[in-house]
Amino acid sequence: MIKQDFDIEKHVNLKSYSDSPGWLGYYERSTRFSQTAMYESIDKFIDFFRVISPNVSVVTSLYKFGSGDNEITPDQKELMEAGYLRDSLNERFSFHKGVVWEIVRELSSVMMYNAGDIAGHCFFILELLGLIVYPHDDTGFGFITMDLKQQAPKVVKSFFETLDKSKFISEPQI
């Protein structure tokens, strides 16, 4: 059971996610960036994993800098009001348990469609799988297992196999 004092750094190397001990790989778009490709990537991820792990938690240290009111998008404002996105640098992570998948979609789009004014870390914890997932700016997601003995490696491998190779590149380490 994931608790409020969950320590993300026990599982994730914050300097290089791919150097994390349970890193399983990532996928990204193979085409030019477009909002259509971004939302297709997000929806592919959510549609697959929401069925397997309906409960998701978020661990984030995201902040927006240079954030005058006129520069904040409606999605960013909503995420700020809910405590997922801050308007100043804060080294600490915030933990949100029992998050609805729509928040995962919004956070993913903020990370992927970023004009360089969002910084920090954002992770989705799929507790039933023992899986940590991170959205990245190459319009995809990376995967880190908290326990190689759990089913996460097989599930992530199955997910990679569902990706359309003409649209996405996957780099499994499984």
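Number of residues in region 44-57 that are over 17 Å from L163 (Cα atoms) and open to solvent by less than 60 Å² (accessible area, probe 1.4 Å) equals 3.
Out of curiosity, is G120 surrounded by 20 or more Cβ atoms within 10 Å (Cβ to Cβ) and of a type in the set (G, A, S)? Step through it out loud before you land on a result.
Working: surrounded by 20 or more Cβ atoms within 10 Å (Cβ to Cβ): no; of a type in the set (G, A, S): yes.
Considered against the rule, which asks whether it is surrounded by 20 or more Cβ atoms within 10 Å (Cβ to Cβ) and of a type in the set (G, A, S), G120 comes out as no.
Checking each residue in region 58-80 for being modelled with pLDDT of 90 or more and buried (at least 20 other Cβ atoms within 10 Å of the Cβ) picks out V58, V59, T60, L62, L79.
Considering only residues that are over 13 Å from the mean Cα position of the chain (by Cα) and hydrophobic (A, V, I, L, M, F, W, C), look in region 123-142 and name the one that is surrounded by the most Cβ atoms within 10 Å (Cβ to Cβ).
From region 123-142, those over 13 Å from the mean Cα position of the chain (by Cα) are 127-130; that's our starting set.
When the remaining residues are screened for being hydrophobic (A, V, I, L, M, F, W, C), the result is 128-129.
Working: L128: 15, L129: 22.
That would be L129.
Annotation: of all residues in region 159-174 being in contact with a strand residue (DSSP E or B) (Cβ under 8 Å, 6 or more places away or on another chain) and assigned to a loop (DSSP other than H, G, I, E, B), the one that is surrounded by the fewest Cβ atoms within 10 Å (Cβ to Cβ) is Q173. Of the residues S88, S16, S108, S94, the single one that is farther than 17 Å from G130 by Cα, touching a residue at least 60 places away in the same chain (Cβ under 8 Å), open to solvent by less than 90 Å² (accessible area, probe 1.4 Å) and of a type outside the set (K, R) is S108.
Taking region 123-156 as the range and being in contact (Cβ under 8 Å) with a residue 60 or more places away in the chain, over 21 Å from Y39 (Cα atoms) and assigned to a helix (DSSP H, G or I) as the test, the residues that pass are E127, L128, L129, A152, P153, V155.
Take S41 and tell me if it is open to solvent by less than 40 Å² (accessible area, probe 1.4 Å), closer than 18 Å to V110 by Cα, of a type in the set (G, A, S) and modelled with pLDDT under 95. No: the conditions fail for S41.
Scanning for something out of contact with any strand residue (DSSP E or B) (no Cβ under 8 Å at 6 or more places or on another chain) and hydroxyl-bearing (S, T, Y), does region 49-63 turn up at least one residue? Within region 49-63, none of the residues are out of contact with any strand residue (DSSP E or B) (no Cβ under 8 Å at 6 or more places or on another chain) and hydroxyl-bearing (S, T, Y).
Could you list, in sequence order, the residues of region 147-158 that are out of contact with any Pro (no Cβ under 9 Å at 6 or more places or on another chain) and surrounded by fewer than 20 Cβ atoms within 10 Å (Cβ to Cβ)? Residues satisfying the conditions are D147, K149, Q150, Q151, K154, S158. Pairing each residue of region 32-61 that is under 24 Å from D5 (Cα atoms) with any residue that is open to solvent by 70 Å² or more (accessible area, probe 1.4 Å) and in a loop (DSSP other than H, G, I, E, B), provided the two are 6+ apart or on different chains, yields C-beta distances under 8 Å for S61/E91; S61/R92.
The values are calculated or read from the model by the stated rules, or taken from the named source; none is laboratory data. Quick caveat, the model's predicted, so the values are computed rather than measured. Backbone-built Cβ (ideal geometry, glycine too); neighbour counts: all protein chains shown. SASA here: full protein model, heavy atoms, side chains in, ligands and nucleic acids out. Shrake-Rupley method; radii C 1.70, N 1.55, O 1.52, S 1.80 Å.
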